[in-house]
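Let me begin by presenting the structure, written as structure tokens, before commenting on it.
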Amino acid sequence: MIHVVCGPVRAEKSTTVYRLVSRALRSKKTVDVCVPKMDTRSNGQVITHSGLSLATLGIIPRVVESSREVYMGLPREYPDLLVIDEGQFFDIDLPLWLEKIPDWVYIVVTGLDLTSDGDPFGPMGHLLCIADEPEKLTAICVCGAEATRSACMVEKNGDVLVGGGEAYVPMCKKCWRAHQEHRQRNR
């Protein structure tokens with residue numbers, strides 16, 4: 001089963017991971033967590049905005065470079081729960097590798113579904129299409145509305161700028177469109 005948890009920055013995706021991993025461990029399930037090497041913000045760990053870390057649960061994620069490495073690094077006896085954090089940073093083959101895993105493994109992929117430009121981010125669009133359980137979280141926009149987008153507040157080159165609160169803020173569609181128009185006018 002593939003469960004995709006997506007949404008903008010600060011939508012509590014990592015909090016969802018923490019909760020799911022905690023529940024699995026209390027149920028005596030085996031857990032494997034993968035994080036992309038590209039995400040340098042947390043030194044290979046999954047940490048919520050409130051400071052909860054999977055390390056406090058005894059989970060040290062595997063830091064991997066590719067979706068192939070996620071699959072090839074799985075133990076011979078598959079885990080009950082496989083978590084892939086920051087799925088947007090993986091290559092577009094991630095869905096193909098995940099489809100090779102038996103259906104009884106509960107796979108959770110978290111990540112940003114959209115770039116700050118509003119385009120599908122990496123493999124997340126494809127993952128949402130094949131997900132047995134797609135879940136889109138929201139954050140709180142600067143105006144107080146439900147935020148479904150992430151807005152980049154600094155200059156960037158290309159689609160990917162790994163960063164946190166200093167670079168990105170959650171926005172509702174209305175504020176995000178106004179922000180995009182402002183950025184276009186000032187280029």
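For the pair Arg19 and Cys129, a Förster radius of 41 Å applied to the C-beta separation gives a FRET efficiency near 0.95, rounded to the nearest 0.05. Accessible surface area normalised per residue over the chain is 53 Å², counting heavy atoms of protein chains with a 1.4 Å rolling probe.
The value of relative contact order for region 33-184, using C-alpha pairs under 8 Å at least six residues apart, is 19 percent.
Most tightly packed first, judged by the mean number of other beta-carbon atoms within 10 Å of their residues, the peptides 19-31, 88-100, 58-70 read 88-100, 58-70, 19-31.
Over the chain, dividing the summed -39,500 (n - 2.57) contributions of all DSSP H runs of at least 4 residues by the number of residues returns a 222 nm mean residue ellipticity of -7000 deg cm²/dmol. At q = 0.22 Å⁻¹, what is the base-10 log of I(q)/I(0) for region 34-89 according to the Debye formula with one equal point scatterer per Cα and no solvent? Please give it to two decimals. Reported log10 I(q)/I(0), two decimals: -0.90. With a ≥ b ≥ c taken as the square roots of the eigenvalues of the C-alpha gyration tensor of region 1-66, please select rounded if a/c is under 1.5 and otherwise prolate if a/b is larger than b/c or oblate if it is not? Because its axes are fairly even, with a/c under 1.5, region 1-66 counts as rounded. Ignoring ligands, DNA and RNA, please state the percent of accessible area on region 1-104 from carbon and sulfur, probe 1.4 Å. Reported share for carbon and sulfur atoms: 50 percent.
The values are calculated or read from the model by the stated rules, or taken from the named source; none is laboratory data. Predicted model, so just to flag it, every value in this text is computed and none were measured. Cβ atoms come from the backbone with ideal geometry, glycine included; neighbour counts cover every protein chain shown. The protein model used for the area step is the full one, side chains on, heavy atoms only, and it has no ligands, DNA or RNA in it. Shrake-Rupley method; radii C 1.70, N 1.55, O 1.52, S 1.80 Å.
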